[in-house]
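> A single structure is presented below for examination.
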Amino acid sequence: MADAYDFRSVERKWQERWLRDRAFDTPAVPTREKYYVLEMLPYPSGDLHVGHAKNYTLGDAIARMMRMLGYDVLHPMGWDAFGLPAENAAIQRGIDPATWTRSNIANMVRQLRLMGTGYDWSREIATCDPEYYRWNQWLFLRFLEHGLAYRREAPVNWCPHDQTVLANEQVIDGRCWRCETLVERRNLEQWFLKITSYADRLLADLDRLEGWPERTRTMQRNWIGRSEGVEFSFAVEGIDAKIDVFTTRADTLFGSTFLAIAAEHPVIAALKSVIAKKRAAEIDAFAESLCSKSELERTSLMEKNGLFTGAYAINPLSHERVPVWVTNYVLAEYGTGAVMGVPAHDERDFDFAKKHGLPIAQVIVPHGGPDAPPPLVEAFVEDGRLIASDDFTGMSSARARDAIAERLAALGVGRKSVNYRLRDWLISRQRYWGTPIPILFCEACGEVPVPDEQLPVLLPPNAPITGEGSPLARMPEFVNATCPRCGGPARRDTDTMDTFFESSWYYLRYLSPHDANAAWEREDADRWMNVDQYVGGSEHAVMHLLYARFFYKFFHDRGWVGGDDEPFARLFHQGFVLHDGEKMSKSRGNVIGIDETAEKNGVDAMRLFLLYVTPPEDTSDWTDEGISGRVRFVHRLWRLCEPLTRAAADVRTPPEVNGGDERALLRAVHVAARSAIDETRSRRFHFNTTIAKLDELLNAMSALLRSTPESPALAYAAHALPLLVAPFAPHIAEELWERSGHTTSVHLEPYPEPDDSIIALDEIVLVVQVNGKIRGRLTAPSGLSESEALALALADPHVRSSLDAKEPRKHFYVPDKLLNLVV
RNA sequence: GGGGAAGUGGCGGAACGGUAGACGCAGCCGCCUCAAAAGCGGCCGGGGUAACCCCUCGUGCGGGUUCAAAUCCCGCCUUCCCCA
């Protein structure tokens with residue numbers, strides 16, 4: 001037997017050589033058709049495990065397949081290097097965030113190379129480099145120039161653990177998405193990006209993203225939450241103030257029996273002039289009690305509660321007086337901060353009215369229902385026919401919505417309007433390890449942007465990072481600056497940006513990562529954008545992917561990128577890797593690391609296992625038994641092919657063969673090639689089936705080796721296999737290829753072209769059914785005509801007896817597969 | 001509560017209206033070996049049959065469409081994911 005395959009030294013050898021030869025650098029200008037494949041850039045947390053490996057192996061296999069299929073492939077990698085963990089390390093262990101991040105990146109680069117990935121390392125970026133975040137600041141100033149960045153005081157989600165504000169998207173079930181601490185509410189001056197002005201386009205263009213999972217598009221649609229309705233005002237009795245409300249159910253307007261406003265609603269200040277002092281104090285106390293509550297608590301967990309203000313508003317159409325209530329479930333940030341309460345036709349309002357003894361006035365009845373219905377036991381929320389609604393009575397809900405909107409508009413108190421669930425993106429963070437916001441506050445000039453030529457505003461070293469408050473605010477040398485307009489003293493903004501800002505445009509920086517004059521060049525964008533295949537976890541289905549789409553549309557509007565205004569043509573979400581049925585985590589102690597797996601099983605085996613165990617989008621389970629199957633495959637591949645590397649064989653021309661086993665082997669080669677190419681071109685990426693075909697190929701080699709050891713088909717297969725496995729097991733492929741006498745990389749070769757005439761069987765098994773039940777399997781030459789097949793079947797004694805002497809009434813023929821006789 | 005996805009041997013999965021269980025793992029038998037490991041060969045959904053051919057049941061449950069359903073449709077159950 002040949003020497004056992006020494007995967008450790010072979011894998012090391014090729015990893016070193018690929019690095020030395022810059023084997024996977026991208027041409028600056030593609031000459032063949034371009035293909036941009038991208039995995040979501042990782043946060044440099046320190047160590048990679050096989051869960052990460054699944055993601056990068058898939059991207060790598062796609063990149064290598066596409067390269068072998070004749071494309072100029074761009075496959076870059078970088079680091080989402082700002083963020084809280086680095087700062088937490090500083091707080092807990094006194095390590096400088098930059099040092100911590102750098103050493104993590106160094107380790108993870110080593111691990112990515114250890115995984116055999118073929119990235120273009122000349123394009124590596126780290127978002128914490130001034131080289132990179134300088135352009136973050138530059139882009140922020142462009143948003144500001146175009147009115148898409150603004151500053152205001154707002155109640156925000158505050159994580160008491162991380163001491164920072166969070167975007168709504170970063171609050172999951174009322175908890176911080178990173179540390180799971182219960183989120184509180186606070187008021188702070190914050191920078192926002194006006195993503196809402198792109199809401200309609202972000203929504204509409206989802207329809208065009210056919211290469212995206214439907215699930216993800218649905219999630220984004222729900223997140224944007226567009227609803228059409230009417231915005232109109234209630235006058236407040238006794239004072240010169242109005243309360244605006246938005247409703248999608250204008251048809252229920254005559255059923256409004258109260259007005260619910262948010263505890264933070266600005267009209268409350270004006271109301272105080274018409275209500276008793278004691279009541280005003282109660283309202284303040286009520287608002288106070290809510291300010292620390294998270295949105296989730298207020299909208300879902302807490303009981304619906306409220307307080308009558310003592311003020312009344314006037315319904316603009318019915319002219320009825322309705323009481324104004326402050327409530328805990330209407331949010332100031334959502335819509336207008338006030339809603340008309342219609343207990344009869346809204347579940348939440350119904351509960352609220354029951355609890356506080358407010359009248360329930362039914363104004364919609366089911367079509368065909370009585371005009372004077374019995375009292376409701378629950379809200380009737382469906383559309384119907386209007387009753388007790390003045391001259392709108394009798395109309396259908398749909399018609400009434402239009403008619404009432406028109407009346408409100410005619411009276412000058414309302415108009416049709418569109419409301420979104422999506423809110424503007426809060427980007428300020430009271431943290432150190434992020435991009436400083438390039439704004440100065442001058443006593444004379446006010447808010448002043450840092451001029452472009454003064455960028456980047458550098459993050460100062462040696463910040464006092466203690467976990468309390470903002471480190472930059474405590475650094476006078478950073479805070480104190482000179483106003484670029486008047487030369488007077490100015491104070492810097494001490495907040496840094498949400499890290500989703502960096503990751504919203506990094507795919508463009510890869511195009512010219514070292515350009516000192518621009519974030520990227522339009523020319524490069526024209527060459528390489530859009531990203532043809534984006535690969536990453538579904539946990540980014542809303543935040544990152546929505547922000548990146550927003551940025552790209554803004555860039556497109558500026559003319560900084562051309563073509564389609566969507567950045568990612570196709571998107572693929574890979575599934576998790578579990579171990580012992582649970583997500584891998586340090587605390588559970590069930591992490592399978594890259595280093596230990598590479599040492600124990602080999603990288604090729606690991607890659608094959610991750611691709612083989614399940615389709616890539618499914619959750620897979622890491623098992624020692626499972627990986628051992630792929631370790632066996634690698635050794636078997638070596639044992640079968642290595643001895644044949646010295647035999648002459650032309651991979652591109654199959655040899656002439658006679659025997660059935662020989663034909664079967666040639667066929668297995670071409671079936672495997674067909675599978676790999678189909679899975680790639682269909683973008684299904686179910687390489688698990690391709691690897692199963694490679695198993696069958698090795699089985700066919702074993703069989704032929706036993707029956708016809710001198711067959712030229714064996715050397716042919718042995719020379720084709722390195723090409724076939726190259727995208728999945730790149731090291732052993734390269735080693736076998738070299739041993740076959742080749743001096744250039746197997747990864748730059750064209751993928752084997754499957755030949756349908758070799759795949760076609762000359763003898764097939766024709767399944768004969770009678771009334772849909774299998775009654776015979778007949779061996780026959782392929783390409784039988786329908787009448788030949790029928791004749792053959794009717795000649796078969798077993799089929800004849802199944803027919804029970806009856807003549808088939810009808811038959812159905814699937815060529816080379818099946819004949820169904822119906823009697 | 002609403003929306004979405006999924007349910008196939010002991011396990012992971014294959015089969016995108018046409019032979020259910022490819023391929024792998026585990027298990028069992030054999031060869032090799034002093035022995036073991038590795039390797040190689042074979043068996044491997046349930047029932048019927050001494051046995052082969054064969055018959056029959058079988059893709060969460062119940063219906064339906066079709067010559068033909070794991071696949072399409074309707075209802076239910078379970079699990080997971082999003083949203084409330």
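> Kindly check whether there is at least one residue in the stretch A:344-360 that is hydrophobic (A, V, I, L, M, F, W, C), in contact (Cβ under 8 Å) with a residue 24 or more places away in the chain, surrounded by fewer than 21 Cβ atoms within 10 Å (Cβ to Cβ) and in a loop (DSSP other than H, G, I, E, B).
Within the stretch A:344-360 (the criterion being hydrophobic (A, V, I, L, M, F, W, C), in contact (Cβ under 8 Å) with a residue 24 or more places away in the chain, surrounded by fewer than 21 Cβ atoms within 10 Å (Cβ to Cβ) and in a loop (DSSP other than H, G, I, E, B)), the answer is yes, since at least one residue qualifies.
> Only residues that are open to solvent by 10 Å² or more (accessible area, probe 1.4 Å), closer than 15 Å to A:THR499 by Cα and assigned to a helix (DSSP H, G or I): list them for the stretch A:105-134, please.
A:PRO130, A:ARG134
> Given (1) in a helix (DSSP H, G or I); (2) more than 22 Å from A:TYR751 (Cα to Cα); (3) open to solvent by 20 Å² or more (accessible area, probe 1.4 Å); (4) hydrophobic (A, V, I, L, M, F, W, C), identify the lone condition not met by A:VAL657.
The one condition A:VAL657 does not meet is (1).
> Take the stretch A:488-522 and flag every residue that is open to solvent by 30 Å² or more (accessible area, probe 1.4 Å) and farther than 23 Å from A:MET40 by Cβ. Write out each step before concluding.
Keep residues of the stretch A:488-522 that are open to solvent by 30 Å² or more (accessible area, probe 1.4 Å), which gives A:489, A:491-492, A:514, A:516-517, A:521-522.
If the condition is that a residue be open to solvent by 30 Å² or more (accessible area, probe 1.4 Å) and farther than 23 Å from A:MET40 by Cβ, then A:PRO489, A:ARG491, A:ARG492, A:ALA516, A:ASN517, A:GLU521, A:ARG522 are the ones that fit.
> Criterion first (in the same structural domain as A:LEU666 (by TED's automatic domain parsing) and farther than 22 Å from A:GLU696 by Cα) does A:GLY783 satisfy it? Full working, then the answer.
On the way: in the same structural domain as A:LEU666 (by TED's automatic domain parsing): no; farther than 22 Å from A:GLU696 by Cα: yes.
Here the answer is no, as A:GLY783 does not meet what is asked.
> Quick check: is even one residue across the stretch A:585-602 open to solvent by less than 30 Å² (accessible area, probe 1.4 Å) and within 14 Å of RNA strand B (Cβ to nearest atom)?
yes
> Now for a separate question. Just checking, how many residues over the stretch A:74-101 are in a helix (DSSP H, G or I) and either buried (at least 19 other Cβ atoms within 10 Å of the Cβ) or touching a residue at least 24 places away in the same chain (Cβ under 8 Å) (or both)?
12
> Can you tell which of A:ARG221, A:ARG217, A:ARG208, A:ARG226 is more than 21 Å from A:HIS265 (Cβ to Cβ) and touching a Phe, Trp or Tyr at 6+ places or on another chain (Cβ under 6 Å)?
Only one candidate qualifies: A:ARG226.
> Now, a different point. Between A:GLU696, A:GLU679, which is within 10 Å of RNA strand B (Cβ to nearest atom), closer than 30 Å to A:HIS579 by Cα and open to solvent by 60 Å² or more (accessible area, probe 1.4 Å)?
A:GLU696
> Of all residues in the stretch A:188-205, count the ones that are assigned to a strand (DSSP E or B) and crowded, with 17+ Cβ neighbours inside 10 Å.
4
> Select from the stretch A:18-69 the residues that are among the acidic types (Asp, Glu) and open to solvent by 40 Å² or more (accessible area, probe 1.4 Å) and write down the one among them that is farthest from A:THR744 (Cα to Cα). Explain how you work it out, then say what you get.
Residues of the stretch A:18-69 that are among the acidic types (Asp, Glu), as a first pass: A:21, A:25, A:33, A:39, A:47, A:60.
Imposing the further condition that a residue be open to solvent by 40 Å² or more (accessible area, probe 1.4 Å) reduces the set to A:21, A:25, A:33, A:47.
Values: A:ASP21: 11, A:ASP25: 15, A:GLU33: 22, A:ASP47: 33 Å.
Checked the stretch A:18-69; the qualifying residue farthest from A:THR744 (Cα to Cα) is A:ASP47.
> I would also like to ask the following. Go through the stretch A:414-457 and report how many residues are open to solvent by less than 50 Å² (accessible area, probe 1.4 Å) and under 30 Å from A:PHE392 (Cα atoms).
4
> Output the qualifying pairs, or none if there are none: Cβ atoms under 9 angstrom, residues six or more apart or on different chains, first residue in the stretch A:644-666 and outside the structural domain of A:ALA715 (by TED's automatic domain parsing) and under 18 Å from A:ARG706 (Cβ atoms), second residue of a type in the set (Phe, Trp, Tyr) and assigned to a loop (DSSP other than H, G, I, E, B).
Short answer, once both residue conditions are applied: none.
Yes/no matrix, rows are residues, columns are (1) under 23 Å from A:LEU422 (Cα atoms); (2) within 14 Å of RNA strand B (Cβ to nearest atom); (3) among the basic types (Lys, Arg):
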residue: A:SER538; (1), (2), (3): yes, yes, no
residue: A:ASP557; (1), (2), (3): yes, no, no
residue: A:VAL561; (1), (2), (3): no, no, no
residue: A:PHE568; (1), (2), (3): yes, no, no
residue: A:HIS573; (1), (2), (3): no, yes, no
residue: A:VAL577; (1), (2), (3): no, yes, no
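> With (1) open to solvent by 30 Å² or more (accessible area, probe 1.4 Å); (2) in contact with a Lys or Arg (Cβ under 7 Å, 6 or more places away or on another chain); (3) more than 10 Å from RNA strand B (Cβ to nearest atom); (4) not hydrophobic (A, V, I, L, M, F, W, C) as the list, and A:GLU642 as the residue in question, which single condition is left unmet?
(1)
> A:MET606 passes all but one of (1) out of contact with any Asp or Glu (no Cβ under 8 Å at 6 or more places or on another chain); (2) under 30 Å from A:GLY211 (Cα atoms); (3) within 13 Å of RNA strand B (Cβ to nearest atom); which number fails?
Against the list (1) out of contact with any Asp or Glu (no Cβ under 8 Å at 6 or more places or on another chain); (2) under 30 Å from A:GLY211 (Cα atoms); (3) within 13 Å of RNA strand B (Cβ to nearest atom), A:MET606 comes up short only on (3).
> Quick check, is A:SER227 under 29 Å from A:SER318 (Cβ atoms) and within 15 Å of RNA strand B (Cβ to nearest atom)?
Details: under 29 Å from A:SER318 (Cβ atoms): yes; within 15 Å of RNA strand B (Cβ to nearest atom): yes.
Against the criterion (under 29 Å from A:SER318 (Cβ atoms) and within 15 Å of RNA strand B (Cβ to nearest atom)), A:SER227 qualifies.
> If you check A:PHE576, A:PHE550, which single one turns out to be within 30 Å of A:ASP200 (Cβ to Cβ), surrounded by 14 or more Cβ atoms within 10 Å (Cβ to Cβ) and touching a residue at least 24 places away in the same chain (Cβ under 8 Å)?
A:PHE550
> If you scan the stretch A:610-635, which residues turn out to be within 29 Å of the chain's Cα centre (by Cα), over 18 Å from A:ALA726 (Cβ atoms), open to solvent by 20 Å² or more (accessible area, probe 1.4 Å) and near RNA strand B (Cβ under 8 Å from one of its atoms)?
A:VAL613, A:THR614, A:PRO615, A:ASP618, A:THR619, A:ASP621, A:THR623, A:GLY626
> Mind checking which pairs have a first residue in the stretch A:691-717 that is more than 21 Å from A:SER740 (Cβ to Cβ) and a second that is near RNA strand B (Cβ under 9 Å from one of its atoms) and open to solvent by 20 Å² or more (accessible area, probe 1.4 Å), Cβ under 8 Å, 6 or more apart or different chains?
A:ILE691/A:TYR612; A:ALA692/A:TYR612
> For the stretch A:705-823, give me every one of the helices (runs of 4 or more DSSP H) that falls completely inside it and has 2 or more residues that are within 10 Å of RNA strand B (Cβ to nearest atom).
A:797-803
> If you don't mind, there's one more thing I want to ask. Criterion first (in contact with a Phe, Trp or Tyr (Cβ under 8 Å, 6 or more places away or on another chain) and either over 27 Å from A:PRO615 (Cβ atoms) or surrounded by fewer than 22 Cβ atoms within 10 Å (Cβ to Cβ) (or both)) does A:SER745 satisfy it?
The answer is yes for A:SER745.
The values are calculated or read from the model by the stated rules, or taken from the named source; none is laboratory data. These numbers come from a predicted model, not from an experiment. For neighbour counting, all protein chains shown are included, and Cβ atoms are generated from backbone atoms with ideal geometry for every residue, glycine included. Accessible surface areas use protein heavy atoms only, side chains included; no ligands, DNA or RNA. Shrake-Rupley method; radii C 1.70, N 1.55, O 1.52, S 1.80 Å.
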